[in-house]
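See below for the structure under consideration.
The values are calculated or read from the model by the stated rules, or taken from the named source; none is laboratory data. Predicted model only: the values in this text are computed from it and were never measured. Cβ placement follows ideal geometry from the backbone for every residue including glycine, while neighbour counts extend to all protein chains displayed. Surface accessibility is based on the protein's heavy atoms, side chains included, excluding ligands, DNA and RNA. Shrake-Rupley method; radii C 1.70, N 1.55, O 1.52, S 1.80 Å.
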Amino acid sequence: MRTLIVVESYFGNTTEVARTLAEHLEPARVVPVAEAPTEIPIDVDLLLVGAPTHDFSLPSANTRKQALDKGGHGQGPGVREWIASLTPRDLPVHTFDTSHAKRLSGSAARAAAKALKRRGFRPTRGPSFHVHGRSGPLEEGQLRRVQEWAAALVDGHRP
Ligand SMILES: Cc1cc2nc3c(=O)[nH]c(=O)nc-3n(C[C@H](O)[C@H](O)[C@H](O)COP(=O)(O)O)c2cc1C
């Protein structure tokens with residue numbers, strides 16, 4: 001199973017989740033969304049898409065600016081724009097996100113799954129991993145949840 005993990009992150013937490021996933025899903029590659037291909041390479045057979053939850057959804061130009069104003073780093077295009085430019089392909093796709101709140105009426109993982117579906121993919125919405133405040137770090141126990149999710153993905157996609 002070759003996994004491509006496309007990630008958007010301003011304070012590094014979603015990237016940390018992506019890197020931890022990659023360690024447990026080898027062979028896997030983490031690519032910042034600004035450098036992600038708009039055609040998923042043919043040798044990729046599992047796609048994971050992660051972003052921070054901003055205003056109950058995927059980051060937008062407006063929330064991205066707010067994140068930068070608060071000391072975050074990074075620039076567009078984000079996952080929202082990347083999905084809109086993607087060429088559809090039939091492969092397993094799962095979304096994930098980071099968020100501050102534990103109970104969300106909307107999340108980046110949910111918004112990404114909806115957008116991917118509209119784009120012609122058949123995505124599964126994955127978990128939200130929790131951070132302290134706006135900029136993190138990840139709360140205690142979250143990297144264990146990441147590892148558990150990675151193990152479930154391996155089980156679920158074993159040939
Ligand atoms: C502009 C902005 C809006 C946010 N909105 C939400 C929100 O609606 N719900 C939430 O739980 N966290 C919210 N957060 C916290 C982010 O989810 C948190 O910054 C993110 O998980 C950190 O991930 P990163 O380090 O990869 O950027 C917001 C953060 C910013 C900067």
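Annotations for the structure displayed:
- Selection from the stretch 131-159 of residues that are open to solvent by less than 60 Å² (accessible area, probe 1.4 Å) and among the acidic types (Asp, Glu): Glu139
- For the stretch 56-80, the candidate set comprises residues that are surrounded by 13 or more Cβ atoms within 10 Å (Cβ to Cβ) and free of Cβ contacts under 8 Å to residues at least 40 places away in the same chain; within that set, the residue that is farthest from the ligand (Cβ to nearest atom) is Arg80.
Residue-by-condition table, conditions (1) in a loop (DSSP other than H, G, I, E, B); (2) more than 27 Å from Thr38 (Cβ to Cβ); (3) out of contact with any Phe, Trp or Tyr (no Cβ under 7 Å at 6 or more places or on another chain):
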{"site": "Lys102", "(1), (2), (3)": "yes, yes, yes"}
{"site": "Ser105", "(1), (2), (3)": "yes, yes, no"}
{"site": "Ala109", "(1), (2), (3)": "no, no, no"}
{"site": "Ala112", "(1), (2), (3)": "no, no, yes"}
{"site": "Ser135", "(1), (2), (3)": "yes, yes, no"}
{"site": "Leu143", "(1), (2), (3)": "no, yes, yes"}
{"site": "Val146", "(1), (2), (3)": "no, no, no"}
{"site": "Ala152", "(1), (2), (3)": "no, yes, yes"}
{"site": "Asp155", "(1), (2), (3)": "no, yes, yes"}
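- Screening Lys102 with (1) touching a residue at least 40 places away in the same chain (Cβ under 8 Å); (2) under 20 Å from Arg134 (Cα atoms); (3) not aliphatic (A, V, I, L, M) gives one miss only, at (1).
- Test: residue in the stretch 123-130 that is open to solvent by less than 80 Å² (accessible area, probe 1.4 Å), at pLDDT 95 or above, part of a loop (DSSP other than H, G, I, E, B) and more than 15 Å from the ligand (Cβ to nearest atom): no
- Candidates Arg2, Arg29, Arg89, filtered to the one that is within 24 Å of Leu153 (Cα to Cα), more than 16 Å from the ligand (Cβ to nearest atom) and in contact with a Phe, Trp or Tyr (Cβ under 8 Å, 6 or more places away or on another chain): Arg89
- The set of residues in the stretch 1-19 being of a type in the set (Ser, Thr, Tyr) and over 19 Å from Gly74 (Cβ atoms) consists of Thr3 alone.
- Among the candidates Ile40, Ile83, Ile5, residue that is assigned to a loop (DSSP other than H, G, I, E, B), in contact (Cβ under 8 Å) with a residue 24 or more places away in the chain, of a type in the set (Val, Ile, Thr) and crowded, with 18+ Cβ neighbours inside 10 Å: Ile40
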